[in-house]
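Read the structure below first, then the notes.
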Amino acid sequence: MKPILKLYRGYANEQELIVMGHVFKPTKKKDYDFRKKSFENATSIIGLYRIKTQSNADVYLEYKNTKIHTKTLIDGYFKFCVPLEKIETYGWIEYQVSIVFENKTITTKESYIRPKKENLGIISDIDDTFLVSYSLNPFKKLYFLLFRNVNARKVYKDVVPHYQALSSSGRNNEEEQNAFFYVSSSEWNLYRFIVNFTEIHRLPKAVLLLKDIKTSLKDFFWTGHGGHNHKFEKIKHILEFYPNLKYVLMGDDSQQDPLLYEAICKIFPVTVKAVYIRKTGMHKKEKVMTILKNIESLGVSVCYFTNSSEAITHSKMIGLIS
């Protein structure tokens, strides 16, 4: 048995690189297969919330022919914030992290994004924004998470062409797509499931910013619930980290996205260009319409839509995509 080193997609600006991951204790269990049948899928998903993290583990980032050393936090999470020397590379760039176990080095590779200043930054929620999740019905949401494997989960119609168009808007080089961020109240436990889903449906490659990892079965039944302050702080951090990008915020009306985005627009009225909110119920909500009207008064374009085709038409109308 050996410990497991998991890396997540990182991000960089002109001055700083941020990469992160988890170290898990040695286990005999194989990596989880999200494509199994119903009950096997449920076992795999529940297993993600029973995994044990390794605190204070030594972790090494290889950068510029040197090894930068840190240790994991109490929940096995680690994060490197490294000052950057001037480099000319943009787009997705590979990085490498290692741990040592019984005198053997375990190395894992991932990538981080470094967007150009003139790029768009697209920040999207996940559940019920592009992944059909039934957040309004917690029992149904839990059922689909457990008993529908990643191949059986659905994406909303026309989300993919909309997101792909936003990703390539204004870009000539395929390697330098606009920066996408998927910010969710789901925990790091579901990272691989989300990445798997986005790859299957050819959604833009993105940095994922999720909630702290959970390590007990009790936590699993509360997945995606609790306060949304985490989302607000993560989104605020992105806009502060990339002050020169122009932002598009994508969400839905099932939880707190409209309120969160209103607060973000009040703090960053110059850099947020558009807010998109998907209608998840039968009717548009009065409260949401009031919030969006207030956002619009700040000079931010808004779209409260049922079908993504409406959002595409709106994006073309305001010049976000062609």
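The values are calculated or read from the model by the stated rules, or taken from the named source; none is laboratory data. Fair warning: this is a prediction, and the values are worked out from it, not measured in the lab. So basically every Cβ, Gly included, is an ideal-geometry build from the backbone, and we count neighbours across all protein chains shown. In case anyone asks, the SASA skips ligands and DNA or RNA and just uses the protein heavy atoms, side chains included. Shrake-Rupley method; radii C 1.70, N 1.55, O 1.52, S 1.80 Å.
Remarks
- Asp127 vs. criteria touching a residue at least 24 places away in the same chain (Cβ under 8 Å), among the acidic types (Asp, Glu) and touching a Lys or Arg at 6+ places or on another chain (Cβ under 8 Å): yes
- Meets criteria (over 30 Å from Ala57 (Cα atoms) and among the polar types (S, T, N, Q)) for Ser184: no
- Leu131 surrounded by 16 or more Cβ atoms within 10 Å (Cβ to Cβ), at pLDDT below 90 and under 19 Å from Phe197 (Cβ atoms): no
- Boolean, Thr129 is assigned to a loop (DSSP other than H, G, I, E, B) and of a type in the set (Val, Ile, Thr): yes
- Unmet criterion (only one of (1) open to solvent by 60 Å² or more (accessible area, probe 1.4 Å); (2) free of Cβ contacts under 8 Å to residues at least 12 places away in the same chain; (3) among the aliphatic types (A, V, I, L, M)) for Leu136: (2)
- Residues of segment 94-109 that are of a type outside the set (S, T, N, Q) and either assigned to a loop (DSSP other than H, G, I, E, B) or within 23 Å of Gln177 (Cα to Cα) (or both): Glu94, Tyr95, Glu102, Lys109.
- Residue identified as under 25 Å from Glu16 (Cα atoms) and in contact with a strand residue (DSSP E or B) (Cβ under 7 Å, 6 or more places away or on another chain) among Val300, Val272: Val272
- Applying the criterion of being touching a strand residue (DSSP E or B) at 6+ places or on another chain (Cβ under 8 Å) and open to solvent by 60 Å² or more (accessible area, probe 1.4 Å) to the residues of segment 96-124, the residue that is nearest to Leu5 (Cα to Cα) is Thr107.
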